[in-house]
Amino acid sequence: MTTIAPRPSPASPAEAPASTLGPIRQTYATAETFPPVARAYTQVSQAAKELGLLRRAPVFYALVGTALTIALAGCVAGFVLLGHSWFQLLIAAALGVVLTQVAFLAHEAAHRQILSSGRANDRLARILAAGVVGISYAWWDSKHSRHHANPNRVGKDPDIEVDTVSFLTEDAAQARGIRRLITRRQGWLFFPLLTLEGLNLHALGLRHLFSRQPVKGRGVELALIGARFAIVAGALFVFLPVGMAFAFLGVQLAVFGVYMGASFAPNHKGMPIIAEGARLDFFSKQVRTSRNIRGGWWATALLGGLNYQVEHHLFPSMARPHLSKVRVVVHAFCETHDVPYTETSLWRSYAIVIDYLNRVGLAARDPFDCPMVGQYRRA
């Protein structure tokens, strides 16, 4: 089992526009960088079908759903029993973890992994995302679908668009004001910033639902999110002192944001970025831009199956228990056809993400900074 680190890809300036500000220059992968692999996906998917790995796993998801229901009930019971105690913050942290696991389940339902029909999966995903977690399923589904179609592609993958953090050097170079200050050290600030990601996810979803664009299920989601907010806020501010209620809410959102961000960050950050106009075959663009996390069953439980990111991108509707099995097929195919297959430890992936973001963030610094100094800063 090898770990193949992504290498800078040669590209012409026309194919891979990049910022010249700062001590680094980012290049983008093109069709020449990633030569197509003939009939790759057809062969791998046929093997997966013959092994029965495309079937549903109803027993597994019934067990996961039962476990999460018990966990939520435990959080509620703990909240009631503790009363006016600062130990409530432990319940808040536990709730943040459980809600992240529910979000993983909503993610799988959205990918048609759980139930037999697409409509039933959509309903389940909407109930879990909006009614339990409190984020808009319609917003997330639109964003995530575009990501799956074009992972790490400039101009098409919303996950690399600039937000507070810049993932491309030209975005970092254009940062101004407080965002520029953050961008300069965004690698080191990445995990602290994730404490605000939970709040950000709720806000982005609501902004989408209140926008003027057509939104499928807008009324249902607003009703679900409104009912959830009333129940949660009512419980907190009726049964707890105001300060403790706000502290509970802050801890829950912080844990949720960090857990969600730390689960999704290793998947593609620091992997090759594809030029906007590059035309790549499905297998190459999905495998070469994705990173797996080693760890087996514990990583699968911790990350909700996201540790098999390569396989998830190749087979987005595949049930979680089958991803480890199809990994053997995909890994063997990549070795045979000399296709880079990236897999590393969870902690190493975080180091890669931090280093990548710091290197991108160099473009937000003074363009007259000495490049050699910048290199020593990263050493």
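The values are calculated or read from the model by the stated rules, or taken from the named source; none is laboratory data. Fair warning: this is a prediction, and the values are worked out from it, not measured in the lab. Here the Cβ is made from the backbone with ideal geometry for all residues, glycine too, and neighbour counts use every protein chain on show. Accessible surface areas use protein heavy atoms only, side chains included; no ligands, DNA or RNA. Shrake-Rupley method; radii C 1.70, N 1.55, O 1.52, S 1.80 Å.
Side notes on the structure shown:
- Within the stretch 146-156, the set of residues being within 12 Å of the chain's Cα centre (by Cα) and under 29 Å from LEU222 (Cβ atoms) comprises HIS147, HIS148.
- If you go through the stretch 274-305 and keep only what is assigned to a loop (DSSP other than H, G, I, E, B) and either open to solvent by 10 Å² or more (accessible area, probe 1.4 Å) or acidic (Asp, Glu) (or both), you end up with GLU276, GLY277, ALA278, ARG279, LEU280, ASP281, ARG294, GLY295, GLY296.
- Residue among TYR308, TYR341 that is aromatic (Phe, Trp, Tyr), farther than 28 Å from ALA67 by Cβ and modelled with pLDDT of 95 or more: TYR341
- Any hit, the stretch 88-97, residues being closer than 22 Å to ASP141 by Cα and in a helix (DSSP H, G or I): yes
- Test: residue in the stretch 109-120 that is under 15 Å from the mean Cα position of the chain (by Cα), buried (at least 17 other Cβ atoms within 10 Å of the Cβ) and within 27 Å of PRO58 (Cβ to Cβ): yes
- So GLY65, is it within 24 Å of the chain's Cα centre (by Cα) and open to solvent by 10 Å² or more (accessible area, probe 1.4 Å): yes
- Residue in the stretch 263-272 that is crowded, with 22+ Cβ neighbours inside 10 Å and in contact with a His (Cβ under 9 Å, 6 or more places away or on another chain) present: yes
- The condition of being without any contact (Cβ under 8 Å) to a residue 40 or more places away in the chain, within 21 Å of the chain's Cα centre (by Cα) and open to solvent by 30 Å² or more (accessible area, probe 1.4 Å) holds for only one of LEU128, LEU124, that being LEU124.
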